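S.K.: Here it is, the structure in full.
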Amino acid sequence: MRRPDAKVVLLGGASVGKTSLLRRYTERRFPDSVSTVGGAFYLKPWRALHLSIWDTAGREQFHGLGSMYCRGAAAVILTYDVTHLQSLVELEDRFLGLTDSANKDCLFVIVGNKVDLTEEAGEGDAHGLGQAGGARACPRVPKQVLREDAVALYKKILRYKMLDEKDAPAAEHMCFETSAKTGHNVDLLFEAVFDMVVPMVLQQKAEEPVETVDLTGHKPPKQARPRCCS
Ligand SMILES: Nc1nc2c(ncn2[C@@H]2O[C@H](COP(=O)(O)OP(=O)(O)OP(=O)(O)O)[C@@H](O)[C@H]2O)c(=O)[nH]1
Ligand SMILES: [Mg+2]
């Protein structure tokens, strides 16, 4: 198997929909999911590269593994549930510290999932937010996390990483709202992340020192003199 060129990690609390987002993207469906144990990855060829997308477990008992999964990550997708404010709060309190092991120029993307459950989605049927494929209607709930809250978190992350807002991608390109159930914005999310990661990786590869062998000091091995047999 070819070694992945870069790593993208899905991080966030239990049940926010990390596995469902990845399965929606890779399998084009919304199957019943079971809570993830440890982590799993999916290999995605994209442009000239191979990217690994890591789905991690959000449950507290697997918390210790998070920083291992983030090691060397080119992008981290911090996922919350738009119907649970606590899931956004947790991103800062519990998950951000785990990303210290990521690449120094790691990209941070913030994703609010389950928009299909919100009252806003009712008006959004015409925009693809509503129930897809004849799925049963669910009672709508108020949206607990606004996009502005996610943007504020993104800016906090930049400060935590000591990055200047001017040098980092703009918050409006890094905060998404999705529904793994209807597929709303799911392709857009993953493909926007891949398209940001690819040029970074290509640049890193171009800057890597080329391995050369110095032949100037190389002397051919002395030829052993044939022994006189007399
Ligand atoms: N309505 C709705 N339900 C969703 C959506 N995404 C996930 N779910 C449901 O939320 C529950 C948890 O989804 P998972 O994808 O397993 O969540 P997870 O973040 O991977 O959870 P852990 O593996 O425990 O960290 C499941 O019952 C999903 O069917 C969504 O976009 N809309
Ligand atoms: Mg999962």
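The values are calculated or read from the model by the stated rules, or taken from the named source; none is laboratory data. From a predicted model like this one, the values you see are computed outputs, not experimental measurements. Cβ sites come from the backbone with ideal geometry, for glycine too, and all protein chains shown count toward neighbours. All accessible areas refer to the heavy atoms of the entire protein, side chains included, with ligands and DNA or RNA removed. Shrake-Rupley method; radii C 1.70, N 1.55, O 1.52, S 1.80 Å.
S.K.: So is Pro31 open to solvent by 10 Å² or more (accessible area, probe 1.4 Å), more than 10 Å from ligand 1 (Cβ to nearest atom) and of a type outside the set (Ser, Thr, Tyr) or not? Before the answer, list the steps.
M.R.: On the way: open to solvent by 10 Å² or more (accessible area, probe 1.4 Å): yes; more than 10 Å from ligand 1 (Cβ to nearest atom): no; of a type outside the set (Ser, Thr, Tyr): yes.
No.
S.K.: For Ser67, work out the one condition from (1) touching a Leu at 6+ places or on another chain (Cβ under 6 Å); (2) free of Cβ contacts under 8 Å to residues at least 60 places away in the same chain; (3) open to solvent by less than 20 Å² (accessible area, probe 1.4 Å) it doesn't fulfil.
M.R.: Failed condition: (3).
S.K.: Is there a residue in segment 15-29 that is under 17 Å from Asn103 (Cα atoms), touching a Ser or Thr at 6+ places or on another chain (Cβ under 8 Å) and within 14 Å of ligand 2 (Cβ to nearest atom)?
M.R.: Within segment 15-29, none of the residues are under 17 Å from Asn103 (Cα atoms), touching a Ser or Thr at 6+ places or on another chain (Cβ under 8 Å) and within 14 Å of ligand 2 (Cβ to nearest atom).
S.K.: Is it true that Val8 is open to solvent by less than 60 Å² (accessible area, probe 1.4 Å) and more than 7 Å from ligand 1 (Cβ to nearest atom)?
M.R.: It is true that Val8 is open to solvent by less than 60 Å² (accessible area, probe 1.4 Å) and more than 7 Å from ligand 1 (Cβ to nearest atom).
S.K.: I need the full set of residues from segment 43-61 which are under 15 Å from Gly13 (Cα atoms) and either loosely packed, with under 14 Cβ neighbours inside 10 Å or within 8 Å of ligand 1 (Cβ to nearest atom) (or both), in order please.
M.R.: Residues of segment 43-61 that are under 15 Å from Gly13 (Cα atoms), as a first pass: 54-61.
Residues satisfying the conditions are Asp55, Thr56, Ala57, Gly58, Arg59, Glu60, Gln61.
S.K.: Looking at segment 153-174 only, could you name the residues that are open to solvent by 80 Å² or more (accessible area, probe 1.4 Å) and assigned to a loop (DSSP other than H, G, I, E, B)?
M.R.: The answer is Met162, and nothing else.
S.K.: Name, by its number, the condition in (1) at pLDDT below 95; (2) surrounded by fewer than 19 Cβ atoms within 10 Å (Cβ to Cβ) that does not hold for Asp100.
M.R.: Only one criterion is unmet by Asp100, namely (1).
S.K.: Quick one: is Ser87 within 8 Å of ligand 1 (Cβ to nearest atom), surrounded by 15 or more Cβ atoms within 10 Å (Cβ to Cβ), part of a helix (DSSP H, G or I) and in contact (Cβ under 8 Å) with a residue 40 or more places away in the chain?
M.R.: No: the conditions fail for Ser87.
S.K.: Among the candidates Glu191, Glu148, which residue alone is modelled with pLDDT of 95 or more, assigned to a helix (DSSP H, G or I) and open to solvent by 70 Å² or more (accessible area, probe 1.4 Å)?
M.R.: Within the list Glu191, Glu148, the selection yields Glu148.
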